[in-house]
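Read the structure below first, then the notes.
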Amino acid sequence: MNPPNPTAVEEAPAETPPPRRPSLRLPRDRHALVDNFFRFQSLFGLVAVFLIAIAVSPVRNGENIFLSSGNLANIVRAVSEIGIIAVGMTFVILIGGIDLSVGAVLGLAAVGSATLMVDSGLGILPTVLIVLLIGTAFGATQGAIVARIGIQSFIVTLAGLQAARGIARMWSGGLGIPIAYGDGPQEAPEAFSLLSGSINGVLPVPAVLFIAIGIGALLLLRTTAFARHVYAIGGNEKAARLSGVPVRRVRIAVFAISGLLAALAGIIHAGQLNQGSPNDGSGYELDAIAAVVIGGTSLAGGSGSMGGTIAGALLLGILNNILALNNIDANVQLVVKGLVIVAAAALQKLRPRIS
Amino acid sequence: MTERPLVRMTGIGKRFGGVQACRDIDLTITAGEVHALLGENGAGKSTLINILSGVITAYDGTIEVDGRPVSFAGPVDAQRAGIATIHQELDLVAGLSIAENMFLGREPRTRLGSVDIRRMRRQAAEHLRTLGADLDPRRLVGSLRVGEQQLVEIGRALSLDARVLIMDEPTAALADAEVERLFETIAGLRRAGVGIVYISHRMAELEVIADRATVLRNGRLAGTVDPKTASRDEIIQLMVGRSVDALFGEGRNEPGEVLLDVRGFAVTPRRPTPGRTEPAGVDLTVRSGEIVGLAGLMGAGRTELLETLFGAGGSGRRTGEVTIDGRPYHPHGPRAALARGVAFVPEDRRGAGLMLEHSVAENVVLSALSSLTTLGVVRRQAVRRTVAEQLTSLAVKAASPAVAAATLSGGNQQKVVFAKQLLTQPRLLLLDEPTRGVDIGAKAEIYRLLHRLADTGMAILLASSELPELRSLCDRVVVLHRGRTVATLPRASATQQAILAAANGDDAKETR
């Protein structure tokens, strides 16, 4: 995995003029060391949790169950939906916003996928395009309300959560719509079931999608002007606006991305469960926020990284997995998850401040 | 004034890093006097005040209160010793009532431990009555006008048994009637034996209200005068010193074509924002290669005018004519302004100019990213080169382009803001207090930079509260009063007296 680096432009170029005057800071090297530890905090955390998981994993016939390829693939499959949502959430949180509607949009997208294929008899491509469009439009609308009217995103997306759930229930008649495969009426194309399958029987398709989207977003966030604008708005919105950053447009785009990825996660969800239920995805928004926070992205906006989010999502997945392997009660798992979130946030507080 | 002073500060000095903010200052405050503290921005007034009010705890020299040496561990300590401060930005909670604000953090309790609301209101009402304010202590502070809020702050000081009251530009945000009222209150406090430290830039006020004036210059004591007998010129001379004009170069090119032309420009907001003075009849012209100054008192509407010209002002109906190169110019946002070649360096560089926690490099390129990308992808090599060039050309002192902007000194932060705006290759540069909080060396560098830019044909419109800065830098000074152009003074006749007179509205007979 690429190391997360929120400050792509910052890397000190070799040919910059030497400092003219030493400044009153920590010595450069130590400062960089400390800074890098915190920047890659979630990566260290991921490695630590991984090693602990190996150590405490049950062993059967001399094989470490946690390390078996089947188990590892399952972990990534299990986090793929939350992971994809968390990627979108990272953009939103980087501009200092929050998107509470993603879980509900996932449910709406799952219902949409099932209904369009089963009831309307659409093919896979039109179905996927329509559902992604719905998610994107939903996100963009929320973004427009935030950007134009200036309501806090917490409130707008809280309302969006309710609305998306309501739409999903109306659309599905309140019931889960099962997806049967075949060529007949009321049946979805066989190919859709690929979403629950694996490539070569090893790599689960959702996991591949998650990794691909994660890497794509990571590159986007490290290289593009759009990403610089996202960081700038989160860092100081007023300064960004006065510097000519198209604040409204970026805001809308960021929420649209979040809606798009939530819809994609919904399609995957429908494919994995072979049904679309309007209640799918309840509480996913909180898991996604948790992944972003563990990844070291500041809820205040302006600093954080996509690599951190990916590591955070995987960390949560490993944690759930190892606790389940050891037959630890699901309720205890929740408590452990809570502790990890607080610990990650507390670590960020220890990060040396510059001003 | 031979009686024992309430407060005696002796040999006060303070360094911030490499900057000596003040040195060897003596100040006494006696009971029942209004002692004005004068000086330009950066003269050391706020440092001195922060030391006296316990905000700064490490300094040279001694402070005595009632003849006993004291050393405050914090503002609360100073308050206990009877020294209260009323800041320019009032420290009130808008959502709480007057009484709750007055007793915030030390609410009277009933025997059961709950807040004794009735006692609190009664005492608040008493203090308000002492001040001659007819206000219901139950009213929310957010619903009060600024002058009334000030009275609440004074009331709080009274409830603390303050014997020394420090007032930092108390009239800056007040309307005339409210100023009258405040002066009556101050006179009452003086009769009651309170010693008042009064900071203001308005000469006319000092003649009315101050008993003594201590003038600071460049962190040192420049002199103490009686403002009732000393002439304004004398005081300004003390504030400014003689050498200022020599510090900044002379000799400018002939200006070129008219670039910015503003005629009868006004903004009528649908809903006026308290504390904002929108343009209300502005006339000014800036030619290419010219530096035009914008003078006026606090609240004269300089910042609002610059913001509006940059497309970042308040909403409201625009009337009058604004043209750039003879073509109408009404930007609906900063992007539109930048697209027309207009750049803006805001007054509040920490709040509006920089992303403090982001690197210097990121800050420098933010406005010009579109010219440094291919298909939306930032060309890192180009960014590195551009940043290095800009930092060298403006002589920014930073350990590396990768350090956070917050680690730079004020002057270097300001240069980073300049670098960012100059990268957009503007033809008109709008500057709001470009040297505020900048040390004298960086100041001179910024002045040289402005001259250099003007020589390349850039048009510069510069708002400043520092008269010597305007005088020495500008080809012309436009004076605003309540959002209106009241005078346009060519360099030769832009004396400090003329500027101050116009800024005080002496030439403009108000009919309000």
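Per-structure values
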{"item": "From the options A:Ala300, A:Ala324, A:Ala311, residue that is within 14 Å of another protein chain (Cβ to nearest Cβ) and not charged (D, E, K, R)", "result": "A:Ala300"}
{"item": "Residue in the stretch A:319-336 that is assigned to a helix (DSSP H, G or I) and in contact with a Gly (Cβ under 9 Å, 6 or more places away or on another chain) present", "result": "no"}
{"item": "Residues of the stretch B:294-342 satisfying the condition of being of a type in the set (Lys, Arg) and more than 28 Å from the chain's Cα centre (by Cα)", "result": "B:Arg327, B:Arg340"}
{"item": "Subset of the stretch B:307-325 [at positive phi and buried (at least 19 other Cβ atoms within 10 Å of the Cβ)]", "result": "B:Gly311"}
{"item": "The stretch A:196-236: number of residues that are in a helix (DSSP H, G or I) and over 30 Å from A:Leu67 (Cβ atoms)", "result": "15"}
{"item": "Residue, farthest from B:Arg436 (Cα to Cα), within the stretch B:327-384, restricted to residues that are of a type in the set (S, T, N, Q), more than 7 Å from chain A (Cβ to nearest Cβ) and surrounded by fewer than 18 Cβ atoms within 10 Å (Cβ to Cβ)", "result": "B:Thr374"}
{"item": "A:Leu221 vs. criteria farther than 30 Å from B:Leu423 by Cβ and buried (at least 16 other Cβ atoms within 10 Å of the Cβ)", "result": "no"}
{"item": "Any chance B:Gly54 is among the small types (Gly, Ala, Ser), in the same structural domain as B:Glu184 (by TED's automatic domain parsing) and surrounded by 22 or more Cβ atoms within 10 Å (Cβ to Cβ)", "result": "yes"}
{"item": "Sole residue being in a loop (DSSP other than H, G, I, E, B) and either surrounded by fewer than 24 Cβ atoms within 10 Å (Cβ to Cβ) or at pLDDT 90 or above (or both), chosen from A:Ala311, A:Ala346, A:Ala300", "result": "A:Ala300"}
{"item": "Filter result for A:Ala263 (modelled with pLDDT of 95 or more, within 18 Å of A:Leu43 (Cα to Cα) and surrounded by 24 or more Cβ atoms within 10 Å (Cβ to Cβ))", "result": "no"}
{"item": "Complete set of residues in the stretch A:210-243 that are more than 10 Å from chain B (Cβ to nearest Cβ) and of a type in the set (A, V, I, L, M)", "result": "A:Ile211, A:Ala212, A:Ile213, A:Ile215, A:Ala217, A:Leu218, A:Leu221, A:Val230"}
{"item": "Answer from B:Val225, B:Val194, B:Val208 - the residue that is surrounded by 22 or more Cβ atoms within 10 Å (Cβ to Cβ) and in contact (Cβ under 8 Å) with a residue 12 or more places away in the chain", "result": "B:Val194"}
{"item": "Verdict on B:Gly289 being modelled with pLDDT under 95, small (Gly, Ala, Ser) and surrounded by fewer than 20 Cβ atoms within 10 Å (Cβ to Cβ)", "result": "no"}
{"item": "Enumerated strands (runs of 3 or more DSSP E) restricted to the stretch B:373-488, each holding at least 2 residues that are under 30 Å from A:Ala225 (Cα atoms)", "result": "B:428-432, B:459-463"}
{"item": "Strands (runs of 3 or more DSSP E) enclosed by the stretch B:1-96 - at least 1 residues per element that are within 30 Å of B:Ala442 (Cβ to Cβ), among the small types (Gly, Ala, Ser) and touching a residue at least 24 places away in the same chain (Cβ under 8 Å)", "result": "B:7-16, B:19-29, B:34-38, B:60-65"}
{"item": "Given (1) among the aliphatic types (A, V, I, L, M); (2) out of contact with any helix residue (DSSP H, G or I) (no Cβ under 6 Å at 6 or more places or on another chain); (3) within 14 Å of chain A (Cβ to nearest Cβ); (4) touching a residue at least 12 places away in the same chain (Cβ under 8 Å), number of the condition B:Ala399 does not satisfy", "result": "(4)"}
{"item": "Complete set of residues in the stretch B:414-443 that are more than 11 Å from chain A (Cβ to nearest Cβ) and of a type in the set (S, T, N, Q)", "result": "B:Gln414, B:Gln425, B:Thr435"}
{"item": "Count of residues meeting criterion [more than 18 Å from B:Arg270 (Cβ to Cβ) and part of a helix (DSSP H, G or I)] in the stretch B:294-334", "result": "6"}
{"item": "Every residue from the stretch A:112-128 that is closer than 20 Å to A:Gly166 by Cα and in contact with a Phe, Trp or Tyr (Cβ under 9 Å, 6 or more places away or on another chain)", "result": "A:Gly112, A:Ser113, A:Thr115"}
{"item": "Yes/no for A:Gly281 being in a loop (DSSP other than H, G, I, E, B), within 24 Å of A:Gln152 (Cβ to Cβ) and within 14 Å of chain B (Cβ to nearest Cβ)", "result": "no"}
{"item": "Number of the condition not met by A:Thr127 [criteria: (1) within 19 Å of A:Leu209 (Cα to Cα); (2) surrounded by fewer than 21 Cβ atoms within 10 Å (Cβ to Cβ)]", "result": "(2)"}
{"item": "Filter result for B:Val34 (modelled with pLDDT of 90 or more and under 29 Å from B:Ala230 (Cα atoms))", "result": "yes"}
{"item": "Every pair of residues 6+ apart whose Cβ atoms lie under 8 Å, when the first sits in the stretch B:261-283 and is farther than 16 Å from B:Thr485 by Cα while the second is at pLDDT below 95 and of a type in the set (A, V, I, L, M, F, W, C)", "result": "B:Pro274/B:Val146; B:Gly275/B:Val146; B:Gly275/B:Ala173"}
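So that you can scan it fast, the table gives a plain yes or no per residue for (1) assigned by TED's automatic domain parsing to the domain that holds B:Glu184; (2) surrounded by 13 or more Cβ atoms within 10 Å (Cβ to Cβ); (3) of a type in the set (Val, Ile, Thr); (4) assigned to a helix (DSSP H, G or I):
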| site | (1), (2), (3), (4) |
| --- | --- |
| B:Gly105 | yes, no, no, no |
| B:Gly113 | yes, no, no, no |
| B:Arg118 | yes, no, no, yes |
| B:Arg121 | yes, yes, no, yes |
| B:Ala124 | yes, yes, no, yes |
| B:His127 | yes, yes, no, yes |
| B:Asp136 | yes, no, no, no |
| B:Glu148 | yes, yes, no, yes |
| B:Val152 | yes, yes, yes, yes |
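Here is a yes/no grid of residues against (1) farther than 30 Å from B:His330 by Cα; (2) acidic (Asp, Glu); (3) assigned to a helix (DSSP H, G or I); (4) at pLDDT below 80:
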| residue | (1), (2), (3), (4) |
| --- | --- |
| B:Gln237 | yes, no, yes, yes |
| B:Asp245 | yes, yes, yes, yes |
| B:Glu250 | yes, yes, no, yes |
| B:Asn253 | no, no, no, yes |
| B:Asp261 | no, yes, no, no |
| B:Gly264 | no, no, no, no |
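The values are calculated or read from the model by the stated rules, or taken from the named source; none is laboratory data. Quantities reported herein were computed from a predicted structural model and do not represent experimental measurements. Using ideal geometry, Cβ is built from the backbone for each residue, glycine included, and neighbour counts are taken over all protein chains shown.
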